[in-house]
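Remarks on the structure that follows.
The values are calculated or read from the model by the stated rules, or taken from the named source; none is laboratory data. Since this is a predicted model, take the numbers as computed values, not measurements. Here the Cβ positions follow ideal geometry from the backbone for every residue, glycine too, while neighbour counts run over all protein chains shown. To get the accessible areas, we keep the full protein, side chains included, count just its heavy atoms, and leave off ligands, DNA and RNA. Shrake-Rupley method; radii C 1.70, N 1.55, O 1.52, S 1.80 Å.
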Amino acid sequence: MEDSHLKNFFLPKMTPKYLIRLAVVAVLAYVIFGFVCIPMRLNGSSMEPMYHDGGINFCWTPSYWFKKPMRGDVVMVRLAGKKIMFLKRVVALEEETIEFKDGTLLVNGKELNEPYVRFPCEWNLPPRKVETGSVYVIGDNRDMNIDNHVFGQTSVKRIVGTPLW
Amino acid sequence: MKLKLIIFLILCVALSAVAVLYLFPSDRTKIKKQFGSLSSLVSKEKGESAFTMAYKVNAIANLFADSCSFEFSQHYMTGDYTPEQITSNAAKGRGQFSKISLDFYDVVPDIQNDAAVVETTVRFHGEIKDSVKVAEETREIQCKLKKIEGKWKFTSFKVVEVLKK
């Protein structure tokens with residue numbers, strides 16, 4: 001009895017019902033992992049110490065189906081497609097002014113409380129205004145030369161979702 | 001018997017479709033193949049022989065039109081180049097690294113007659129010779145190709161600014 005259950009589980013009969021079930025699972029997996037919860041492997045250390053190089057995560061796209069990114073959100077910014085994305089944190093919203101003074105991030109001239117930044121930073125960046133329809137994103141790890149860190153203003157349309165954890 | 005005949009017919013149709021796609025590739029497939037060729041010709045393995053290097057560097061020239069424009073950054077390789085100049089620059093560039101990989105992701109061509117525009121993500125990884133340093137770049141680029149005598153050739157490369165400091 002148990003043998004036949006095992007046999008049916010590992011070597012099921014190709015009945016029409018089984019084939020339909022298989023097709024439904026395949027379509028659901030394609031939609032979920034292709035558009036809703038996209039698997040990602042993290043590459044780089046720009047979001048240390050929260051996200052580590054080589055870690056595995058998922059891009060949860062429903063996060064921004066009905067709302068816009070907020071300050072402090074960790075977001076995934078797409079490039080040409082969704083196979084490669086930048087993982088960054090939103091620090092300023094549209095129409096706000098951003099600058100770095102001796103490593104301190106100022107938004108509209110006021111210091112932004114950033115408990116997620118754990119490493120020392122000595123960046124200096126003159127003030128600039130975030131354009132309409134854009135947000136300003138930076139990585140948490142600022143313990144590197146400002147020229148080597150990829151950050152800046154990006155269109156809200158490029159933000160695909162948030163990491164699942 | 002009837003089921004076997006149906007399965008046999010389905011297999012025949014599937015194999016014919018694969019054969020047609022393989023023997024008569026679409027422009028879309030040809031353009032994707034062109035990116036694949038560029039990727040494999042630029043890439044370099046540790047201990048690459050002089051013969052392989054010479055073959056790869058010379059073959060790179062065949063992928064480009066008589067004049068190809070590059071718009072990377074203000075300081076690096078911006079301007080119009082002939083295939084010979086590209087070959088020379090490729091040889092110089094490859095000489096600085098012991099290992100190189102250049103990969104294209106999300107290659108989606110927009111084809112209009114004999115011209116195509118492709119927005120893609122490119123990832124460069126290079127291990128610098130006699131050093132432990134590694135050069136890594138990930139950028140979105142816009143490439144233009146032209147069909148010349150039946151072959152798709154690159155006519156321009158431009159970096160798309162996803163994050164604007």
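The sole residue among A:Phe119, A:Phe86 that is in contact (Cβ under 8 Å) with a residue 60 or more places away in the chain and either over 24 Å from B:Ile141 (Cα atoms) or away from every other protein chain (no Cβ under 13 Å) (or both) is A:Phe119.
Yes or no, residue by residue, for (1) within 14 Å of B:Ala91 (Cβ to Cβ); (2) part of a strand (DSSP E or B):
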residue	(1), (2)
B:Pro25	no, no
B:Leu41	yes, no
B:Ala65	no, yes
B:Phe70	no, yes
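Just a yes or no: is a residue in the range B:129-144 more than 14 Å from chain A (Cβ to nearest Cβ), open to solvent by less than 80 Å² (accessible area, probe 1.4 Å), assigned to a strand (DSSP E or B) and closer than 23 Å to B:Gly47 by Cα? Checked the range B:129-144: no residue is more than 14 Å from chain A (Cβ to nearest Cβ), open to solvent by less than 80 Å² (accessible area, probe 1.4 Å), assigned to a strand (DSSP E or B) and closer than 23 Å to B:Gly47 by Cα. Just a yes or no: is a residue in the range B:63-84 charged (D, E, K, R), crowded, with 18+ Cβ neighbours inside 10 Å and at pLDDT 90 or above? No. Total residues in the range A:35-53 satisfying the condition of being under 12 Å from the mean Cα position of the chain (by Cα), exposed (fewer than 15 other Cβ atoms within 10 Å of the Cβ) and within 13 Å of chain B (Cβ to nearest Cβ): the figure is 1. The number of residues in the range A:107-127 that are farther than 16 Å from A:Met144 by Cα, open to solvent by 70 Å² or more (accessible area, probe 1.4 Å) and either in a loop (DSSP other than H, G, I, E, B) or of a type in the set (Lys, Arg) (or both) comes to 4. When you look at B:Thr121, is it in a strand (DSSP E or B), within 14 Å of another protein chain (Cβ to nearest Cβ), crowded, with 17+ Cβ neighbours inside 10 Å and among the polar types (S, T, N, Q), yes or no? For B:Thr121, the condition - in a strand (DSSP E or B), within 14 Å of another protein chain (Cβ to nearest Cβ), crowded, with 17+ Cβ neighbours inside 10 Å and among the polar types (S, T, N, Q) - is met. Only a single criterion out of (1) over 30 Å from B:Pro25 (Cβ atoms); (2) away from chain A (no Cβ under 12 Å); (3) modelled with pLDDT under 90 is not satisfied by B:Ser88, namely (3).
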